[in-house]
């Protein structure tokens, strides 16, 4: 037991030393991981926001046939996404001519497929709830359905910040898809999750632990920023409401 504790303590000290000394191997993996997941979230958020805003306000007969698969895709295993993207990008696949296999672009594409359902489903629910409260008012002002959805999404932009966190968390923490389509090539397609899996299997616990600490820190920092922003927004709304009441009373 003492040996295990000592091993963990030594690994933790070495991991912190790698982080604080700006170890090139560790931070290059971190930078690549953030670049892949950030790019995927920007693309996925653009697609998912528009699709979710539209689905939140439109009503058609086959709507349930669209929403049920969409909600199911929230739990889509990343290894299945990796397999599908692999088949698309392989030499015999329909997108094989792009030559993206085992590349940065392939990993971004795989994470976009993971992110889009998350953003679409959560945006759709948020916009639909807002539409029940303010939709008729916007419609009476002449706003079309799609414009109404975009206006409601903008009005709920602070609530949709949680969607950003959910999407980024889905992207940055997955390992199966990027492992399959990226190949985990050192210096090219190795990201934090794939490196943690590889280094742990090799017994290089300090590097794996250092990457894990950075990954958790990134997620915690984003959540803290979102919480601070939402708290600021609530304070601003509270001041505005109080000022309105004073004006009405006078």
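The values are calculated or read from the model by the stated rules, or taken from the named source; none is laboratory data. It should be emphasised that the depicted structure is a prediction, and the values quoted were computed from it without experimental measurement. Ideal geometry is used to build each Cβ from the backbone, glycine not excepted, and the neighbour counts take in all protein chains shown.
Annotations for the structure displayed:
- Residue check for residue 247: assigned to a helix (DSSP H, G or I) and either modelled with pLDDT of 80 or more or surrounded by 12 or more Cβ atoms within 10 Å (Cβ to Cβ) (or both): no
- Candidates are the residues of segment 86-108 that are over 23 Å from the mean Cα position of the chain (by Cα) and in a loop (DSSP other than H, G, I, E, B); the one that is surrounded by the fewest Cβ atoms within 10 Å (Cβ to Cβ) is 92.
- Of the residues screened, residue 120 is not one that is surrounded by fewer than 17 Cβ atoms within 10 Å (Cβ to Cβ), touching a helix residue (DSSP H, G or I) at 6+ places or on another chain (Cβ under 8 Å) and under 18 Å from residue 45 (Cα atoms).
- Condition met for residue 29 (farther than 20 Å from residue 192 by Cα and in contact with a helix residue (DSSP H, G or I) (Cβ under 7 Å, 6 or more places away or on another chain)): no
- Any chance residue 142 is farther than 27 Å from residue 170 by Cβ and in a helix (DSSP H, G or I): no
- Condition met for residue 54 (out of contact with any helix residue (DSSP H, G or I) (no Cβ under 6 Å at 6 or more places or on another chain), surrounded by 14 or more Cβ atoms within 10 Å (Cβ to Cβ) and assigned to a helix (DSSP H, G or I)): no
- Looking only at residues of segment 22-42 that are more than 17 Å from residue 217 (Cα to Cα) and surrounded by fewer than 16 Cβ atoms within 10 Å (Cβ to Cβ), we find that the one that is modelled with the highest pLDDT is 42.
- Within segment 58-85, the set of residues being more than 12 Å from residue 121 (Cβ to Cβ), within 24 Å of the chain's Cα centre (by Cα) and part of a helix (DSSP H, G or I) comprises 78, 79, 80, 81, 82, 83, 84, 85.
- Candidates 59, 91 - the one that is without any contact (Cβ under 8 Å) to a residue 24 or more places away in the chain and under 19 Å from residue 146 (Cβ atoms): 59
- Helices (runs of 4 or more DSSP H) within segment 153-212 that include 2 or more residues without any contact (Cβ under 8 Å) to a residue 40 or more places away in the chain and crowded, with 16+ Cβ neighbours inside 10 Å: 192-202
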